[in-house]
1. Please specify each residue of region 53-112 satisfying the condition of being small (Gly, Ala, Ser), within 16 Å of residue 31 (Cβ to Cβ) and touching a Phe, Trp or Tyr at 6+ places or on another chain (Cβ under 8 Å).
2. In region 15-39, how many are out of contact with any Gly (no Cβ under 9 Å at 6 or more places or on another chain) and either at pLDDT 55 or above or surrounded by 13 or more Cβ atoms within 10 Å (Cβ to Cβ) (or both)?
Amino acid sequence: MRRLFGLPVAALLGVVLLTAGTAAAADTQIPLTIEKNQFQPSEVKVKANTPFVLVISNKDPKAAEFESKDLRVEKVVPAGKTVNVRIRALKPGTYAFFDDFNHQTTGRIVAE
């Protein structure tokens, strides 16, 4: 078996995977709903400099697309489905988002 830094490669790989899994599990999950062409809540407050996951549920009968030019994120949310969108740690500030299929559906994330 190969060794790296005096440890078996398999052991090092296990440590890396365990550490990555722990970090991902620690991300805060924030629910966001699309219903009647509105985001609920329309303003999401998060802790600055901390990554999080938006759990977006689309309760409308048509698909929506969560998009944010500020965050450089876009994700289609099929009708009646839920998707997770991982957001990197944000600097303090306000970040706009909208439904690219319905530009009247808007919201914002406030990192404090």
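The values are calculated or read from the model by the stated rules, or taken from the named source; none is laboratory data. Please read all numbers here as calculations on a predicted model, not as lab measurements. Reconstructed Cβ throughout: ideal geometry from the backbone, glycine too, with neighbour counts over all protein chains shown.
1. Passing the criteria: 64, 107.
2. So the answer is 11.
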